[in-house]
Amino acid sequence: MNTMYITHHAGYLHEMGVLHPDNPKRIDAISDQLIMSGIMSYIVSYHSFSRASDKDILRVHTLEYLNYLRSLVPKKGSYCYIDMDTIMNSYTLDAAFYAAGAGLFAIDSVFGKNFNNAFCATRPPGHHACHNRAMGSCFFNNIAIAARYAISKYKLKRLAIIDFDVHHGNGTEEIFADDPSVLMCSFFQHPFYPDTRLIHSQNMCNIPVDAYVDGAFIRDIVNRKWVPAIESFRPELILISAGFDAHREDDMGQLNLHESDYKWITDILVEMSEKYSSSRIVSFLEGGYDMSSLGRSAVLHIRSLAKL
């Protein structure tokens with residue numbers, strides 16, 4: 001068994017109101033589909049690990065920002081609105097520390113040669129969080145924290161971040177723009193939330209696409225843009241911001257992907273990891289708000305990671 005499934009109870013305690021699309025039921029949607037698919041016996045599930053430390057968070061975020069979040073933690077039973085999409089309850093910050101910690105646990109596990117890859121089914125997500133700003137339901141940039149940890153601890157010279165969420169991973173892009181140790185590849189619907197400026201730098205292969213494009217269009221982008229960039233870069237580790245909200249059944253976006261497209265993309269990345277990164281991949285849950293398509297897509301993503 002070479003694939004880890006990592007989640008934590010703290011992600012269930014963080015909630016932003018009954019009408020918010022990013023809610024704890026998203027984790028259940030994935031775990032329920034994993035059980036029904038019959039592949040839970042072929043992967044290893046972890047529910048206990050350490051929180052990220054302040055030192056881990058501060059590799060990416062500023063001390064002023066961390067102290068700001070701590071100052072906002074509300075009393076039990078109340079909410080603090082950072083913006084209309086990004087809301088804290090009394091458990092949110094603890095959940096954010098555990099969501100970041102999941103990535104660090106996964107990094108240590110794949111470099112410890114116990115596992116090839118991991119999927120972190122944690123909340124809150126992270127790819128919108130900038131170095132000093134929470135937004136888009138994201139508080140800490142989990143994938144960026146994991147990347148900086150891996151570079152620091154394992155002396156990596158090159159790692160790739162792949163983002164297939166329907167929304168622009170603006171926080172990850174801002175954090176790593178012009179960083180020669182990181183290649184970022186993504187596609188995202190444009191114009192669309194967060195409608196932030198695209199940063200043009202040599203280490204970014206981030207491609208805006210029009211609404212209603214389908215899986216064939218995205219597969220062409222992956223083959224023509226991502227694959228040559230990854231092959232040229234030869235990453236020692238691949239990290240994935242796995243958002244499943246570009247699915248045709250997810251009302252949060254207007255792209256027309258099918259769960260089979262997510263499997264196809266993951267198959268490509270697994271092949272790249274076998275060539276360049278000793279099969280090491282760590283994937284992080286980002287978006288995905290239609291429960292049925294989220295569960296189906298995540299299961300095929302994990303099935304591909306596990307080569308089942």
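Of all residues in the range 131-181, those that are closer than 16 Å to S273 by Cβ and among the hydrophobic types (A, V, I, L, M, F, W, C) total 10.
Within the range 41-90, the residues that satisfy the criterion of being charged (D, E, K, R) and out of contact with any strand residue (DSSP E or B) (no Cβ under 8 Å at 6 or more places or on another chain) are R51, D54, K55, D56, R59, E64, R70, K75, K76. Hey, can you tell me all the residues within the range 237-262 that are in contact with a strand residue (DSSP E or B) (Cβ under 6 Å, 6 or more places away or on another chain) and within 30 Å of Y276 (Cα to Cα)? Answer for the range 237-262, where residues must be in contact with a strand residue (DSSP E or B) (Cβ under 6 Å, 6 or more places away or on another chain) and within 30 Å of Y276 (Cα to Cα): L237, I238, L239, I240, S241, A242, A246, H247, L257. Scanning the range 39-48 for residues that are assigned to a loop (DSSP other than H, G, I, E, B) and either buried (at least 17 other Cβ atoms within 10 Å of the Cβ) or modelled with pLDDT under 95 (or both) turns up I39, I43. Here are I207, I199: which of them is of a type outside the set (G, A, S), touching a strand residue (DSSP E or B) at 6+ places or on another chain (Cβ under 6 Å) and surrounded by fewer than 18 Cβ atoms within 10 Å (Cβ to Cβ)? Only one candidate passes the filter, namely I207. Scanning the range 27-73 for residues that are over 21 Å from H301 (Cβ atoms), of a type outside the set (D, E) and free of Cβ contacts under 8 Å to residues at least 24 places away in the same chain turns up S53, K55, L58, L63, L66, N67, Y68, R70, S71, L72, V73.
The values are calculated or read from the model by the stated rules, or taken from the named source; none is laboratory data. Treat the numbers as computed from the prediction; the structure is a model and nothing was measured. Methodologically, a virtual Cβ is constructed for each residue, glycine included, from the backbone with ideal geometry; neighbour enumeration extends over all protein chains shown.
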